[in-house]
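For reference, the structure discussed in these notes is given below.
The values are calculated or read from the model by the stated rules, or taken from the named source; none is laboratory data. No experiment lies behind these values; they were computed from the predicted model shown. We place every Cβ from the backbone using ideal geometry, glycine too, and count neighbours over all the protein chains shown.
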Amino acid sequence: MTPLLKTSDFASLREGRSLSKPQSLTLNPGDFLLIQGPNGIGKTSLLRSMCGLLSYTGSFSMTASCLFLSTQVIHLSHITCTQWLSHQQALSSDTPICPLELLKQAGLKSLQDTLVTSLSLGQKKRLHLCKLLYHRASLWFLDEPTTGLDEQGCLWLIDLVKAHLAHKGCAIIATHDPAIFAGLEGKRLCL
């Protein structure tokens, strides 16, 4: 089996210094990795380095497409949820899915004509997580994906991750609250 991601003595770099101790990881199709630790320990930097968004030291190889979802939520004004999803899908080369179907899956269908700026933090987060439904990336890098989500939103996210893993995708999630993902089998990396 060809690994989707492999690192050896891998660490994030900022201003020429290592942000964490070097890590050696191998992630195969269907694997799940939970990166946990307190705020400021370097979880986000490690994810960003694995996606090629930050400098790193050591060796790194990725054999699949990836999607990185940051902790930042949507900050656009004067467009509706439906318009935002249509715009986001137009930026993607993947097969579009009807925005109303995406909103339904996210539990936001009743808000289809609502301005994004009128949404709560949790609703914006769900809208942002809809990207997982239409991007065809094999590797998901999710940074604190449960921030702002209620219990139902967390359960929806866990179902998305489980389905992705069952289809031989790989999910790498950074969190300071690992208990939410306790039901997912996989590797744990404590920073």
Which numbered condition in (1) farther than 18 Å from His176 by Cα; (2) out of contact with any helix residue (DSSP H, G or I) (no Cβ under 9 Å at 6 or more places or on another chain) is the only one that Arg14 fails? (2)
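Residues are listed down the side, and each one gets a yes or a no for (1) touching an Asp or Glu at 6+ places or on another chain (Cβ under 9 Å); (2) farther than 13 Å from Phe32 by Cβ:
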| position | (1), (2) |
| --- | --- |
| Leu91 | no, yes |
| Asp177 | yes, yes |
| Gly183 | no, no |
| Gly186 | yes, no |
Condition first: in contact with a strand residue (DSSP E or B) (Cβ under 6 Å, 6 or more places away or on another chain) and over 21 Å from Leu25 (Cα atoms). Now tell me which residues in region 127-184 satisfy that. His135
Ile173: passes all of (1) over 21 Å from Leu121 (Cβ atoms); (2) assigned to a strand (DSSP E or B); (3) not small (Gly, Ala, Ser) but (1)
Can you tell me which of (1) more than 26 Å from Gly52 (Cβ to Cβ); (2) out of contact with any Lys or Arg (no Cβ under 9 Å at 6 or more places or on another chain); (3) surrounded by 21 or more Cβ atoms within 10 Å (Cβ to Cβ); (4) in contact (Cβ under 8 Å) with a residue 24 or more places away in the chain is the one Cys154 doesn't meet? (3)
What are the residue pairs meeting all of these: first residue in region 20-32, first residue within 18 Å of Thr63 (Cβ to Cβ), second residue hydrophobic (A, V, I, L, M, F, W, C) and part of a loop (DSSP other than H, G, I, E, B), Cβ atoms under 7 Å, and 6 or more apart or on different chains? Leu27/Leu4; Asn28/Met1; Asn28/Leu4; Pro29/Met1; Pro29/Leu4; Phe32/Leu184
Answer residue from region 1-48, given it is among the basic types (Lys, Arg) and under 19 Å from the mean Cα position of the chain (by Cα) and is surrounded by the fewest Cβ atoms within 10 Å (Cβ to Cβ) among those: Lys6
If we keep just the residues of region 72-91 that are assigned to a loop (DSSP other than H, G, I, E, B) and surrounded by 15 or more Cβ atoms within 10 Å (Cβ to Cβ), which is modelled with the highest pLDDT? Ile79
Across region 131-152, the tally of residues that are assigned to a strand (DSSP E or B), within 8 Å of the chain's Cα centre (by Cα) and either at pLDDT below 90 or farther than 12 Å from Thr175 by Cβ (or both) stands at 2
Exactly one condition in (1) over 30 Å from Leu25 (Cα atoms); (2) among the small types (Gly, Ala, Ser); (3) in contact (Cβ under 8 Å) with a residue 60 or more places away in the chain is false for Gly107; which is it? (3)
Working only within region 166-175, note down all residues that are more than 18 Å from Gln36 (Cβ to Cβ) and within 13 Å of the chain's Cα centre (by Cα). Gly169
So, in region 21-71, how many residues would count as being part of a strand (DSSP E or B) and either touching a Leu at 6+ places or on another chain (Cβ under 7 Å) or of a type outside the set (Ser, Thr, Tyr) (or both)? 17
